[in-house]
Structures are given as structure tokens and as C-alpha cells.
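The structure under discussion appears below in the form of C-alpha cells.
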Amino acid sequence: KSTGRASTETFRHFFIFYFQSVIPDLYFSCLKAGVFVNNKLLKTVNMQKLIITGNNLTVNDVVNVARHGQKVELHPDARKRINECRAMLEKKINAHEIMYGVNTGIGEFSEIVLNDDQIKDFQKYLVYNHAAGIGEPASLEIVRGAMLGRINVHAHGNSGNRLEITETLVEMLNRGVTPYVCQKGSVGASGDLAPMSQIALLMLGEGKAYYQGKLMEGADAMKEAGIKIPGLQARDGLATINGSNMLTAMSAIWLVDANNWLKQAEIAASMSLEALKANMKPYTPLLHEVRGFKGAVRSANAINKCITGGDLKEGRVKSKVQDAYSMRSTPQVIGSAHDMLAYAKSQVEIELNGVGDNPVFFPEKNLQLSGANFQGSPVCVPMDMAGACITMVSVMSERRMNRLNNQALSVGLPDFLTKGAGMFSGMMLSQYTADTLIVEQRILSVPASIQSIPAAADQEDFVSMGMNTAIKNNQILDCAYGILGIEFMAAAQALDFRKEEYSFGAGVQKAKDVIRKYVDFLDIDRPLYPDHTRMKELVKSCEILHEVEKVTGPLE
């Protein structure tokens, strides 16, 4: 760090980023030991258990279990439902009733009926065949989130698996055994079959898993954790893999992180608006209330909180009668993203609490129905749009950064925010960096939900490609951290030029103070890539958000 003032908090965030990205097994080991994550010391031994009922699971619950190590417990009623459903299934097996994926093949082979001997081994070979992913592993928190989602599906008592299977998933979460799962391979229909099958391999004592900071053979991880290997009997394998749990877990975690990013986008906008001497009348809450969009009202209120107490808010700074769209329509734009994320969250939480499985068993009716409740479209369609909204807000961020850089638009700020234009280029190239990240986002914002390619000899002739949505949304958000970091950096630079002219809102001043802990004023040109990268990680850490909310209250 150029100033030599790196804080303990800085190191925490660096270690979190490095461990999750480069050494995920060591990251999880540190998580178990109580290392700081997202500014909070994890004390999982004292954290109240999450009781799994099949209902009321939220995206924040997913983050708490998957990222922060909260332990889980099956509600007694859920255990009862699972046992009752299993008893019904076994009666049907003994009666030789034809049931998809129990005593028949799957996909194109669904018309092939298995004999009693084949039924015993079918679930094992089903899992083997479907453990067909490729490439780098998914992060530990994604896999843990997928396991939590599957437990919640089982808790309904409609999946037909043995209770031992669900209990084993619970124990794996609580004792820190996390399967090694390739992120890529799912088409988001018939569930996330490839990644979920790598989880199911642990039920056989096979595959690989992380435990206490080490990647080891699945059987060894289960043995060291003291978890009995349950094996797979009729229906158990398919009941473990046949849902869109991984893409849903990824979406749940993403929605929490994206909401925090949007709140920081409002803080950055507030800083830029102060630096550009914006006319703040378009931010009057009444203006947005009369139109009626909740997101716009929320966004206008958040920005007003950030600038409260400053000369601009109090009308002591002369402004134009009307500003450009990138300045005066920020609440409408960020607000529409808030509204889209709220809708996506509602859909993801329906999926988290629904029965995503096939077939589905109804013990009270002595009925089993085969359909397509594994189809990922209800999740990936809104999540495609949610990702595009992050791109949209990023585009507006870059446009404000452009105005800060451009002397013709900046209301008296120096060219490219430098005192020595000509000799120095200031933040000219920072805009280039933001622009290339935006182009990457735009490419990634093409919906995956329209990209179906038929599979399984056209038995599965329309698939959601929802895993692609989840993967690209994470890439979009990764770019967004960098783009917003650059606006923050430019806005702080601009405010330093303005600080002798007028005072800023308390939230804006706090954000600027946090930025200056990590990036110095650009007095003369220097290589900017360390600053850009540092700002990206600062946004990702949410430190600016946490500090500003101490001053402004919640930006919700």
C-alpha cells in the first residue's frame, strides 16, 4: 500500500478474497476457526441453529449457512414427513408399481423397467453417469448453499428418499464436509444433475471433499468428520440430484451481494452528484411517490440520506435548472434494478421453499406424479434480467465518471481530474478500464434462458441453461465491482478539488474518508492498476457501505 496505512480490516478483506479465489479449502478452514468474514467475527459455535422446515428459507439464510457457517437442524415434523413418504414409496416398490427413476431408467430410457436386482444398483450408476461436470470447482459457499436447498426440498416429505440421506447432508453442513464439485456441466433442467451428482457421490463414500482445509477422498473426509456413509437405495440417488439447487443457491447468494452493490452505487452517485453540483430537486421523494415505483422511491431516499447535511442539499450551491439524464434519472434507473432484484428474490425464495423434484410423491393421497418441477426457467428468467440490470446501472456509473473527467461537462473541474493537464493525464485511462469492463458485461447480459440445446435424444428437448445464467451473473457482478470502484475513485478525486468551495453531506464525506484510507489523491500521474484493483476489492468488501450506514442509517 502506497501510504503505508493498511488496516487490519484491509488484511481481512484481502485474505477473504485470496482464500476464496485461490485456496478455497484453506478459506473454509479459517472460516471454521472463526476468521473475520465480511467484517464480522464468525462464532459458529454460538450461532443459533437454522431449523429446516421446508418453508420460510430466505436468501439471507442461504448466505448465513453457506458463507458464515451457521448450523442447521431438521424440524421433527420434517423428519416425520420424510419417513411417511418413504414408507409409501416402499409399499409401491413392493407392489411393483412403475415409478420413473425408481424402477425405470431415466431420460430416453424412462420406458425401460428394471428388475428387483437392478433397482439396488441403479441409483449408484445413475450418480456415476451424471457426475459428468468439467473444469474448475465451484466455491465452497455455492456447494454448501446447494446442499442446504436440497435439505429444504426433502423436508417437505415429497421426495421419497430415506431420512438417512437428508440427515447425512445436514451432518456434512454442520461438520464442514464440502464435496468437490465442478461448477460447469449443468443445463438447468432435470435439475443441476452434474454438480449435484458430485455431492451424491459422498453418499457412496466416493468423490472428493474438503475437510478442515484439505481436499481429500470422500470416504476419508466422511470418516474424519465422523459421518456414517448411508449408501444409496431405491430412489435415494435421484432424490439427491434432481433439482435446480445449485443454480438457485448461486442466485440467492448473488442477490444478497448485488443488493449491497446497488446500495454502494447510490453512495457513488451521491458523491458524483455533489462533485458535479447537481440540481437535487429531481430527488425529492414526492416526485417519485407520485409515479409509484417502489425502487425509485427507495433510491431517491438513499441518495438524499447520503447528501444530508451538505451545502448542496441545503441549497447553498448554485446548480443548473436541469441536468443530464445520468445525473437526474439515477433514482429511476437504480430503482428499476431494485424492483427487478426484488422480483428475482421472490422467485428464488419460492424455489428455495418449493418441491423441485421428479417424481413427486403425495403420501396423503397415495399418489406419485412425474412432471418437470426440476426445470430452472422460473429462476433463470428473472435472474437473466437481474444481471442485465447490474450492467445497466454500471453503464450509468461510467457516464457520471465521464462527466467528472470531461471539462466541458464537469462544471469547472480540471480536465481528467488532474492539476497538470498535458503533462499529466490524470484519470483518462481509468475510463478506458471501466469501458472495457462494461463491454464484457454487455456480452454477458445476453439471456441464457433462450439458449436451449436439446439433449438426451430429444427427450429433454428444452432446457433452461440456468447454470449459465448464474455463472455469468457472477462475472457481471465482478466487473461491476471494478466499474463502481473507478467511479468512487474519480468522485473522491473530484471532491478533493471541491472541498474548499463547499461542504459535503455526512454520508458522502464518510465514503470519501474510507476511500482515502486506501487510495491517495492523484497529485501527479502514477501507475493506476494497484488503485483500480484496491478499489474493486474495497467495493466488494462493503466497507464503504458499512461505514456510510453508520452515519446515514440503513440505505433501504
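The values are calculated or read from the model by the stated rules, or taken from the named source; none is laboratory data. It should be emphasised that the depicted structure is a prediction, and the values quoted were computed from it without experimental measurement. Don't worry about glycine lacking a Cβ; one is built from the backbone with ideal geometry, like all the others, and counts go over all protein chains shown. Just the protein is used for accessible areas: all its heavy atoms, side chains included, with ligands, DNA and RNA removed. Shrake-Rupley method; radii C 1.70, N 1.55, O 1.52, S 1.80 Å.
Where Rh is the Kirkwood radius over the Cα pairs of the stretch 122-235, the temperature 37 °C and the viscosity 0.692 mPa s, what D in µm²/s does Stokes-Einstein return?
Working: Rh = 13.9 Å.
The Stokes-Einstein estimate is 236 µm²/s.
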**OP:** Send over the Kirkwood Rh of the stretch 234-341, from the inverse of the averaged 1/r over different Cα pairs, rounded to one decimal Å.
**Re:** 15.8 Å
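Just to confirm a number: summing +1 for Lys and Arg and -1 for Asp and Glu over residues other than residue 321 whose beta-carbon lies under 13 angstrom from that of residue 321, what do you get?
Values: positive: 277, 281, 318, 320, 328; negative: 323.
Local net charge: +4.
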Original post:
For the stretch 466-556, taking Cα atoms only, what is the radius of gyration to one decimal and the Dmax to the nearest whole Å?
Top reply: 15.0, 52
**OP:** Please work out, to two decimal places, the log10 of the ratio I(q)/I(0) at q = 0.18, 0.19, 0.26 Å⁻¹ from a Debye calculation in which every Cα of the stretch 184-266 carries one identical scatterer.
**Re:** -0.85, -0.90, -1.13
**OP:** For 392, 172, write out the residues from largest to smallest accessible area, computed with a 1.4 angstrom probe and no ligands counted.
**Re:** 392, 172
**OP:** Quick one, could you list the DSSP H helices from the chain stretching 24 Å or more along their long axis (Cα atoms) with average Kyte-Doolittle hydropathy of 0.0 or above?
**Re:** 245-275, 330-352, 377-405, 428-444, 466-498
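Using helices alone, I'd like the mean residue ellipticity at 222 nm for the chain: each DSSP H run of four-plus residues gives -39500 (n - 2.57), total over residue count, nearest 500. Kindly include the intermediate steps, with their values, before the conclusion.
Details: 21 runs with 309 residues, N = 556.
Calculated mean residue ellipticity at 222 nm is -18000 deg cm²/dmol.
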Original post:
Whole-Hz Karplus ³J(HN,Hα) for the stretch 47-56, in order, using 6.51 cos²θ - 1.76 cosθ + 1.60 and θ = phi - 60°, x for Gly and Pro?
Top reply: 7, 4, 5, 8, 8, 8, 10, x, 10, 6
Original post:
So how far, in whole Å, is the C-alpha centre of the stretch 218-248 from the one of the stretch 439-469?
Top reply: 27 Å
Subject >> Charge context of residue 243, other residues only, Cβ under 9 angstrom, K/R +1, D/E -1 >> reply: -2
**OP:** Could you tell me the distance between the Cα centroids of the stretch 137-188 and the stretch 323-387, to the nearest Å?
**Re:** 20 Å
Original post:
Quick one: putting +1 on the C-beta of Lys and Arg, -1 on the C-beta of Asp and Glu, what dipole do you get for the chain around its Cα centre, in Debye to the nearest 20?
Top reply: 1760 debye
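How fast does the stretch 409-498 diffuse by Stokes-Einstein, in µm²/s, taking the Kirkwood radius from C-alpha pairs at 25 °C and 0.890 mPa s? Mind dumping the intermediate values first?
Numbers: Rh = 16.1 Å.
The diffusion coefficient I find is 153 µm²/s.
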Original post:
If the cut-off is 26 Å between C-alpha atoms, which lysines fall inside it for residue 223, apart from same-chain ones fewer than 8 positions away?
Top reply: 32, 43, 49, 71, 120, 124, 208, 214
Original post:
Which is farthest toward the positive dipole end of the chain among 445, 414, 353, measuring Cα position about the Cα centre, with Cβ charges +1 (Lys, Arg) and -1 (Asp, Glu)?
Top reply: 414
**OP:** Could you order peptides 513-521, 525-533, 263-271 by the average number of other Cβ atoms within 10 Å of their residues, highest first?
**Re:** 263-271, 513-521, 525-533
Original post:
With the radius of gyration and the Kirkwood radius both derived from the Cα set of the stretch 173-323, what is their ratio Rg to Rh?
Top reply: 1.30
Original post:
Which lysines have a Cα less than 16 Å from the Cα of residue 281, not counting those fewer than 8 places away in the same chain?
Top reply: 305, 313, 318, 320
**OP:** Under 18 Å Cα to Cα from residue 365, which lysines show up? Leave out anything in the same chain fewer than 8 places away.
**Re:** 80, 91, 92
Subject >> Distance histogram in 5 Å bins (all Cα pairs of the stretch 42-165, percent per bin) >> reply: 2, 9, 15, 16, 16, 15, 13, 8, 4, 1, 0
**OP:** Compare the Cα positions of 191, 253, 371 along the charge dipole of the chain (+1 at Cβ of Lys, Arg; -1 at Cβ of Asp, Glu; about the Cα centre) and return the one farthest towards the positive end.
**Re:** 253
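From largest to smallest, what semi-axes in whole angstrom does the stretch 275-424 give when each is the square root of 5 times an eigenvalue of its alpha carbon gyration tensor? Mind showing how you got there, number by number?
Details: eigenvalues 440, 74, 21 Å².
They are 47, 19, 10 Å, listed largest first.
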**OP:** Considering only lysines 8 or more places apart in sequence, or on different chains, count the pairs in the stretch 408-551 whose C-alpha atoms sit under 23 Å apart.
**Re:** 20
